[in-house]
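What follows draws every value from the coordinates through simple rules; no lab data is involved. Note that the structure is predicted; figures quoted are calculated from it, not measured. In this analysis, Cβ positions are derived from the backbone assuming ideal geometry, glycine residues included, and neighbour counts consider all displayed protein chains.
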Amino acid sequence: MFSIIQAAGWPIWPLIACSILALALIIERFISLRTRKIAPANLLQEVLTISRLTVPAPEVLNQLEKTSALGEILAGGLRALQINPRCSEADLRATMEGVGRVVAHRLERYLSALATIASAAPLMGLFGTVVGMIEIFGSQTPAGGATGGNPAQLAHGISVALYNTAFGLIVAIPSLIFWRYFRARIDAYLLTLELASERMARHLNTLRK
């Protein structure tokens, strides 16, 4: 592996840094976007059950808020009703939407960085290719004869060009695939949270009356 890095030359190091960063972001997103941390299956029904007659105590809401992103949104609506039992339905929805925007921003964290790596890696590989081509032309004799050039420098230039092109694609393709995967997963979570919030808003409206 180290021999490949040596053959690829110094332009490979930014690509290696990007690959390490991309791997770290992918692992972090896999950990953070687990279902039990975003929208546990039975949480909404449990909240509707315990708040069937009245708003739960503040301690219960604090615990609910820490369970998941969905719990955070539901606790926000319940807390708004607890603070002002006569608040309007529009105020309840606005409160839950505000919490939902914060949650959505947190779910999308680091996705832009992963998309940037997916876009920039091929360009960085192309830059390495250009550096390799410069070394290839630099290995030629002043007269331009290919046979009179420096074979070692010529071989090194070809290695730099090819390895950087390949490594740029190796970094970009998985980054793009995982970005699309996480994007679709987040969209599905946001839809689930939106539907749960709508149901909770109707439930809170009955408690308000």
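A compact table of results
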read-out: Dimensions (Å) - the chain, Cα atoms, principal axes, largest first; value: 92, 29, 21
read-out: Distance between modelled label sites at T35 and M133, nm, 7 Å Cα→Cβ extension; value: 5.0 nm
read-out: Alpha carbon centroid spacing (whole Å) that separates region 26-64 from region 117-138; value: 49 Å
read-out: Net dipole in debye of the chain [+1 Lys, Arg Cβ; -1 Asp, Glu Cβ; about Cα centre; nearest 20]; value: 740 debye
read-out: Dipole of region 2-208, positive end: most advanced residue of S112, V131, P11 [Cβ charges, Cα centre]; value: S112
read-out: Selected from P151, A22, M96, residue furthest toward positive end of dipole (the chain; charges at beta carbon); value: M96
read-out: Tilt relative to the chain, helix 69-83 - C-alpha long axis, 0 to 90 degrees, to 10; value: 30 degrees
read-out: Spin-label pair V60/R101, simplified geometry with 7 Å Cα→Cβ offset, distance in nm; value: 3.0 nm
read-out: Nearest 10 degrees, 0 to 90: helix 58-67 Cα axis against the chain principal axis; value: 30 degrees
read-out: L207 versus T192: modelled label distance in nm, points set 7 Å from Cα along the beta carbon direction; value: 2.2 nm
read-out: Relative contact order (%) - criterion: Cα under 8 Å, at least six apart; region: the chain; value: 31 percent
read-out: CD proxy at 222 nm, helix term only [per DSSP H run n ≥ 4: -39500 (n - 2.57); per residue of the chain; nearest 500]; value: -28000 deg cm²/dmol
read-out: Candidates A22, A113, A57: whichever shows maximal mean-square fluctuation once the chain is modelled as a Gaussian network with Cα springs under 10 Å; value: A57
read-out: Cα long-axis angle, helix 12-32 against the chain (0 to 90 degrees, to the nearest 10); value: 20 degrees
